[in-house]
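**Student:** Quick one: structure below, then a few questions.
Every number here is computed from the coordinates shown, using simple stated rules; none is lab data. Because the structure is a prediction, the values reported are computed rather than measured. Heads up, the Cβs are rebuilt from the backbone with ideal geometry, glycines too, and the neighbour counts pull from every protein chain shown.
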């Protein structure tokens, strides 16, 4: 069949205007909440926001229309042309417009979102999109096989609605593992994150394995043989997928470090997302000035690297002596870079330290870099920060600041130790 004739006769052409209109109406109304997260120039964040909302729709369209096409072929007796063209060729031709429509429901909103957020596509974002497109093909093949087997008109809405609900409602179940088999990734994709190979393989194994099993039912071999092989394949893929995800929590495993970053300076080397590279010079100056103030006070402030916390939001890396993790982006936006850097120089040997001494230490360090008021504003959100507590901190640190630098360091070391003392023992 000629391509234009195939398209004109396909149900996808008649459904396309309604499906695209509904998808873009949803995009313009409800999808905005998920797109408000700052992608930091990382396209996987944007692509994931679109996919988490539209994948159930694309799957339902693919499976429902594929079932309709298979039922229509069965009713027209076209399967009798198998001597001229194989069933696989016929199925592929009639599935092409359906899959193309399902792909359009994902690709077009994704392009709009990338343009809206002014984010260029990158490898992680294209990986997520390609993953979703493969799943659409698998759902279409399964729907086609069901429609070819059950030719009653009711099979079309049943399989479409079942597909939509099975995928969409999986994230609301208390049991975690079903959601990891649908292709929907719970929790927003943070900067630099990407599902691990296992997280991508689990839904692919189930969907693609089921699609291959359905296709095997048309193989030119014994009915019992192809049925046995197809059944064994479905069971094996289902068991393999479940074994991968059975012990996962709500959010599946993710790898990090995929986002583009920019670094500048030496000792310390400042690293931020590439989208914030224009601020790196100002951040470097602020960080170097802060470290110099801390060193003049006698504190050991000699980090070799300072990384923005946005590089690892979900799995934050604790600061070490040489590598500090600091919310530079938050500091730059609120004018508190010096305070954010200064906090990292304080190191308690216990967690959590006693509140009273710890507050004195943080207020003293903040005072040394000229941002004492920033720390007080932070404390004002805590319920136990009363006017009496404010006076205690301000008066106590004011007395310390009148001492010599050597005596201030003695006080600092003593107070840090006191914050971890319990029954006279430092933990």
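**Student:** Place the peptides 265-272, 350-357 in order of packing, highest mean first, counting for every residue the other Cβ atoms within 10 Å and averaging per peptide.
**Tutor:** The densest-packed peptide leads the list: 265-272, 350-357.
**Student:** Sort 323, 373, 247 so the one with the fewest other Cβ atoms within 10 Å of its own Cβ comes first. Working shown, then result.
**Tutor:** Working: 323 16, 373 12, 247 8.
In order of increasing Cβ crowding within 10 Å: 247, 373, 323.
**Student:** DSSP beta bridges in the chain, what fraction antiparallel, as a percent rounded to 5? Don't jump to the answer; show the numbers that get you there.
**Tutor:** Values: 8 of 15 bridges.
In the chain, approximately 55 percent of DSSP beta bridges are antiparallel ones.
**Student:** Sort segment 188-343 into rounded, prolate or oblate with this rule: let a ≥ b ≥ c be the square roots of the eigenvalues of the Cα gyration tensor; rounded if a/c is under 1.5, and if a/c is not under 1.5, prolate when a/b is larger than b/c, oblate otherwise. Present the calculation step by step, with values, prior to reporting the outcome.
**Tutor:** Numbers: a/c = 5.09, a/b = 3.79, b/c = 1.34.
Prolate, because a/c is 1.5 or more and a/b exceeds b/c.
**Student:** May I ask for the distance between the Cα centers of segment 162-199 and segment 307-385, given as a whole number of Å?
**Tutor:** After rounding, the separation between the Cα centres reads 34 Å.
**Student:** Angle between the Cα long axis of helix 387-401 and the longest principal axis of the chain, 0 to 90 degrees, nearest 10?
**Tutor:** 60
**Student:** Using alpha carbons only, how many degrees (0 to 90, rounded to 10) separate the axis of helix 123-149 from the longest principal axis of the chain?
**Tutor:** Long axis of 123-149 versus the principal axis of the chain: about 30 degrees.
**Student:** Rounded, prolate or oblate: pick one for segment 261-345, where a ≥ b ≥ c are the square roots of the eigenvalues of its C-alpha gyration tensor, a/c under 1.5 means rounded, and failing that, prolate if a/b is larger than b/c, else oblate.
**Tutor:** Details: a/c = 1.57, a/b = 1.33, b/c = 1.18.
The shape class here is prolate.
**Student:** If you don't mind, there's one more thing I want to ask. Taking the chain as a Gaussian network, where each spring joins two C-alpha atoms under 10 Å apart, which residue of 284, 89, 336 fluctuates the most?
**Tutor:** 89
**Student:** Sticking with this structure for a sec: Specify whether the C-alpha gyration tensor of segment 347-427 places it in the rounded, prolate or oblate class, a ≥ b ≥ c being the square roots of the eigenvalues: rounded for a/c under 1.5, otherwise prolate if a/b is larger than b/c and oblate if not. Let's see the in-between values first.
**Tutor:** Working: a/c = 1.84, a/b = 1.13, b/c = 1.63.
Here segment 347-427 falls in the oblate category.
**Student:** While we're on this one: So what is the relative contact order for the chain, in percent, with contacts set as C-alpha pairs under 8 Å and at least six apart?
**Tutor:** The value is 13 percent.
**Student:** Sum -39500 (n - 2.57) across every DSSP H segment of at least 4 residues in the chain, then divide by the residue count to get the 222 nm mean residue ellipticity, nearest 500. Can you show the working numbers first?
**Tutor:** Numbers: 16 runs with 261 residues, N = 427.
Value at 222 nm, helices only, nearest 500: -20500 deg cm²/dmol.
**Student:** Rounding to the nearest 10 and keeping the result within 0 to 90°, find how far the Cα-based axis of helix 223-245 lies from the longest principal axis of the chain.
**Tutor:** Approximately 10 degrees, to the nearest ten.
**Student:** Now, a different point. Within 10 Å, count the other beta carbons around each residue, average over each peptide in 399-405, 375-381, and list them highest first. Don't jump to the answer; show the numbers that get you there.
**Tutor:** Details: 399-405: 11.1, 375-381: 13.7.
Put in order of decreasing packing, that is 375-381, 399-405.
**Student:** Once all Cα-Cα distances of the chain are split into 10 Å bins that start at 0, what whole-number percent is in each one?
**Tutor:** 4, 17, 21, 18, 14, 10, 8, 5, 2, 0
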